[in-house]
Amino acid sequence: MVPTLPSDPDVRHPLRHPLRQRLLAARTAFVSSPAGKVAAESLAHHLGRVLDQLEPECLGVYWPLRSEFNAASLWDGDGSHAALPLALPFTQRVPPQMHYRLWDGSAPALKDECNIPAATGAAVVPDVVLVPCVGFTGSGWRLGYGGGFFDRWLALHPHVTAIGVAWEAGRLSEAELAPQAHDLPLALIVTENGVAQG
């Protein structure tokens, strides 16, 4: 069943807005620090190992925004994942929904209805997707940007393995991020320290 969510995230979760803003500010400061570059290399290493174990047939990635980890960096190096088909999300505002489109890895020339770079390829359903996290808990709960697009898509595709990608600076306690009725836990979350544990 697809979660039904009001269009305004601050109406749904008024306490999450200041939490999200605090985490975004901390993330921006961290990524621009000397430690941020080291952390990015470490996160790429850990995420690459997880993907090697999962062996996806098609991987849903995301175009990095607002100091998110650049998952495309996994394909910029030794080429070990070069043959893996990739897909980028495409979001629509009305009705609010998201799907994936095959992506060739080049800089997208198209933007979706949320003004996020998107691919022009055929619609696909990846078997593994990377989900950017603003915040997260060790038990797999995610704080995103509040639009609910990933929640809706994952509810329609329960067979897909969803991997959160986050910086340790976004780690929250279970009390700080109590799940809402529509929230769906991720299979696992990877940070610069490895697979997040409670």
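Of note:
- Any hit, region 113-134, residues being touching a Lys or Arg at 6+ places or on another chain (Cβ under 9 Å), acidic (Asp, Glu) and without any contact (Cβ under 8 Å) to a residue 40 or more places away in the chain: yes
- Residue in region 69-78 that is part of a loop (DSSP other than H, G, I, E, B) and either under 22 Å from residue 197 (Cα atoms) or modelled with pLDDT of 90 or more (or both) present: yes
- If you check 101, 66 for being modelled with pLDDT of 95 or more, under 17 Å from the mean Cα position of the chain (by Cα) and not small (Gly, Ala, Ser), only one passes: 101.
- Residue that is nearest to residue 46 (Cα to Cα), among those in region 122-150 that are part of a strand (DSSP E or B) and among the aliphatic types (A, V, I, L, M): 130
- From 83, 166, 119, residue being under 13 Å from the mean Cα position of the chain (by Cα) and within 29 Å of residue 41 (Cα to Cα): 166
- Subset tally (residues that are hydroxyl-bearing (Ser, Thr, Tyr), surrounded by 14 or more Cβ atoms within 10 Å (Cβ to Cβ) and over 14 Å from residue 149 (Cα atoms)) for region 99-117: 0
- Check on residue 90, among the aromatic types (Phe, Trp, Tyr) and either at pLDDT below 95 or in a strand (DSSP E or B) (or both): yes
- Restricting region 168-183 to residues that are touching a residue at least 60 places away in the same chain (Cβ under 8 Å) and out of contact with any strand residue (DSSP E or B) (no Cβ under 7 Å at 6 or more places or on another chain), the residue that is surrounded by the fewest Cβ atoms within 10 Å (Cβ to Cβ): 181
- Residue, surrounded by the fewest Cβ atoms within 10 Å (Cβ to Cβ), within region 118-133, restricted to residues that are closer than 18 Å to residue 70 by Cα and touching a Gly at 6+ places or on another chain (Cβ under 6 Å): 131
- Restricted to region 171-191, and to residues there that are in contact with a helix residue (DSSP H, G or I) (Cβ under 8 Å, 6 or more places away or on another chain) and over 26 Å from residue 30 (Cα atoms), the residue that is modelled with the lowest pLDDT is 182.
- Hey, residue 101 outside any loop (DSSP other than H, G, I, E, B), of a type outside the set (Gly, Ala, Ser) and touching a residue at least 40 places away in the same chain (Cβ under 8 Å) or not: no
The values are calculated or read from the model by the stated rules, or taken from the named source; none is laboratory data. Remember, it's a predicted structure, so these values are computed and weren't measured experimentally. Quick reminder, even Gly has a Cβ in these numbers, built from the backbone with ideal geometry, and neighbours come from all protein chains shown.
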